[in-house]
Structure formats: structure tokens, C-alpha cells
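Down below is the structure, laid out as C-alpha cells.
Please treat every number below as a calculation from the coordinates, not as lab data. Nothing here was measured: the structure is a model prediction, and the numbers come from that model. Backbone-built Cβ (ideal geometry, glycine too); neighbour counts: all protein chains shown.
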Amino acid sequence: MKRLFKATAVSPANIAFIKYWGKKDPLLNIPFNNSISMNLSNCLTTTTVEFNSNLSDDLISVDEKEISDSKKDRVTGLLDLVRKRSGIDLKAKVVSRNNFPQRAGIASSASGFSALALSASNALGLNLTKKELSILARRGSGSACRSMIDGYCEWKTGDGDNSSYAAQMAKPDYWHLADVVAITNKEEKKIGSTEGHELAATSPYFRRRLTRLPQKIKRIKEAFFAKDFLAFGKLLEEEAVDLHLMAMSSTPPVFYWNQGTMEIIHAVQKWRKNGLPVYFTIDAGPNVHLICLRKDAEKVAKEAKKLESVSFTIINEPCQGTHLKDKHLF
Ligand code: PMV
């Protein structure tokens, strides 16, 4: 019987509480600093990979669209790593579907490359450990290494390919936080995180950020493990502003925010004054992640939807990391 080199994986995006910004090694996606994140139960990518001797080239489609050029090269680059490791040199058909808008400040590259790493390696019979999978996903997109892990995790920079990976910090149910993503703009953002990472070190504040981060990470972990939401939220916002300060003060400057972003930031401050505990964080895009306790998530979403610039919201909880699925997409 012909062996079927096919597998499907599903993976969540993740939101970083402490952000990865700037690469020590751009080829290997090794960051300057450690980062901490939670993965997102309702921002999922499903990917099916089939390696097949009938194919003369890799065929890759994302959300029903065939991809080419540099986007395709990134996917092929990860497939090549898996082919090399397994010694099986077959081309692949890859079909990937997101249940949320791509490239809009929700890390679709994180969920995409982690789903690809697990499905491709599994299809070629590699039985990798979580650590190996996290390393492999990182080669596709840095933050993808964090999506591999269940619940909350920390990605330690490490000093080379084999020591830069994410590991669990706490299980999904350790603390019932929620991330209500407020979508302000479904348009694709103009500048991706790759360009932002390249420019990071041109900010005059970048070195200062790196010096202060170890202490900030220590404090946010203390607040997290003590479940001190107020202390945690304050540090979370401080960190989000810090990342965008780096971006806005780079040469050339990068502005990810739009008017909607500012409207939501002001609303968050008002909600807090009115007794609703919620804090914001923002990745490389205009959408705002409203971090609150799970019990307040519906209320936060309801308030957010009242704002003119919010088109819709997605409520997420921490969840299982990248995992295999029996049902294939083709
Ligand atoms: O993994 P990348 O290259 O998409 O970079 C992610 C950058 C941020 O989302 C802004 C921060 C982070 O740590 O997720």
C-alpha cells in the first residue's frame, strides 16, 4: 500500500504580554529579549500538508488564495527544513485556513507557522518533542514558537538555534484571563512585523528598553503568579506603549495605530474609571487586545462594540497549543 504523507494541525494565535521586538539573529529569528504570551482560543489556523511524488513544485494556499513570491518562500523554507530532517524530498500541497483576518495585528503568522511546523513534520513521520517543534516553528516566524505551547508561556532568547524556544509558564486554567480583540480595521497593515524588527535597533530608546526588560519581566511574572490583575494590567500597558514607542522612534518611523486605536485606548481609560477592570495591549497592527478577567469579557466586548471604530470583537481564552486533527482540509 502507498504510504500517505499527510497530516493536519490546528494552532492558536497568541498575544504577547511582554513583546518580542528586534532580532539578534534575523536568519534564525533569535530575539534580543525574552517574551511572555497567552494563546488565543478563537483565533485559529488549520493547515493540511500532503507531500506527494506527483507534484513538481510546492502548492500553497491560504484562505483559498494561492500564495507566491516572498510569502511562498517563507513557507517553502520551513518545508525544506522538514524535508532535510526526514530525508524525504517530496514537494507538498499546503492548504491553510484562518478563522480571523490575516495580517491585522492578530498573529496569523504565529498560528500559521506553528500549524505548518506540526503538520509538515508529522506528515513526514518526524516525531518531534514540544521543544523541537517550538524551535522549528520559530524558524518560520519568531512568535510561532509560543503558539506551540498550551496556555501561558515564556520564550527565552537562548544563544543559538537549539536554545531559543518557548516553554510553558502556566496551564490554560491557571488564571482565567480573556483577550477581547477589538478589530478596528480589517485592511492588511502596510508594514509587517519583519520590517519593524529590522528597524527596532535604530530607535534611540532600544538599548534602554533592553536594559530595563529583565526587571519588567520579573515584575510581570510576580503579578501573574499572584493573580494581581491591577499590577499585571499596568505593566501590560506600559509594555505595549514601549513597543510602539520603539516603532514610532525608528528610522524611518513605523506607525501601526489608526484613529480607531486611539479611540479604544481612551475608552479603556474611561471604563477603568467607571469600575470595569480592563487593560490594553497592541501588536504590530491597529487592533487593540483588551485584557480582562474572563468573567468580565462579555461586558468588555459589549462596551467595545458601542465604539464607532470597532467593527467586531473576538473573545479569547488561554487554550491548548498546536495539536493534530484527524479531519483534513482536502
Ligand atoms: O513573530 P513576528 O515576526 O510576527 O513578530 C511578532 C511581533 C509582535 O507581535 C509585535 C510582538 C510579539 O511578541 O508577538
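What to note about this one:
- Put in order of Cβ neighbour count within 10 Å, fewest first, the listed residues Val288, Val180 become Val180, Val288.
- Listed by Cβ neighbour count within 10 Å, with the fewest neighbours leading, Thr313, Thr322 appear as Thr313, Thr322.
- Distance in nm between pseudo-label sites at Ser53 and Glu238 (7 Å out along the Cβ direction from Cα): 6.1 nm
- FRET efficiency for Asn258 and Lys156, using Cβ-Cβ distance with R0 set to 30 Å, rounded to 0.05: 0.35
- Linear extension gain, Thr202 paired with Leu329, 0.36 nm per residue minus alpha-carbon span: 41.4 nm
- The ranking of Asp173, Asp296 from fewest to most other beta carbons within 10 Å of each one's beta carbon is Asp173, Asp296.
- Residue-span extension gain [Lys306 to Ser70] - 0.36 nm each, minus C-alpha spacing: 81.1 nm
- Here region 225-274 and region 61-87 have alpha carbon centers that stand 34 Å from each other.
- Once exposed loop GluC sites (Glu not before Pro) are cut out (DSSP; at most 16 other Cβ, 10 Å), longest piece of the chain: 65-186
- Cα gyration tensor shape of the chain, rounded if a/c is under 1.5, else prolate or oblate by comparing a/b with b/c: prolate
- Taking 26 Å as the limit for the C-alpha separation, the pairs Lys23/Lys216; Lys65/Lys131; Lys23/Lys302; Lys23/Lys171; Lys19/Lys190; Lys24/Lys130 exceed it in the case of Lys65/Lys131; Lys23/Lys302; Lys23/Lys171.
- Length available on full extension from Ala167 to Leu245: 0.36 nm per residue minus the Cα-Cα distance, which gives 25.3 nm.
- When the chymotrypsin sites (Phe, Trp or Tyr not before Pro) in region 246-287 are filtered for DSSP coil states and for at most 15 other beta-carbon atoms within 10 Å of their beta-carbon, the remaining sites are Phe255.
- Two-site label geometry, Thr211 and Leu126: point separation in nm, points 7 Å out along Cα→Cβ: 4.1 nm
- Radius 11 Å from Cβ of Glu154, net charge of other residues (Lys, Arg +1; Asp, Glu -1): +3
- Other residues lying with their Cβ under 13 Å from the Cβ of Gly142 contribute a combined charge of +4, Lys and Arg counting +1, Asp and Glu -1.
- Rounded to the nearest 20, the size of the Cβ-charge dipole of region 6-172 about its Cα centre is 280 debye, with Lys and Arg at +1 and Asp and Glu at -1.
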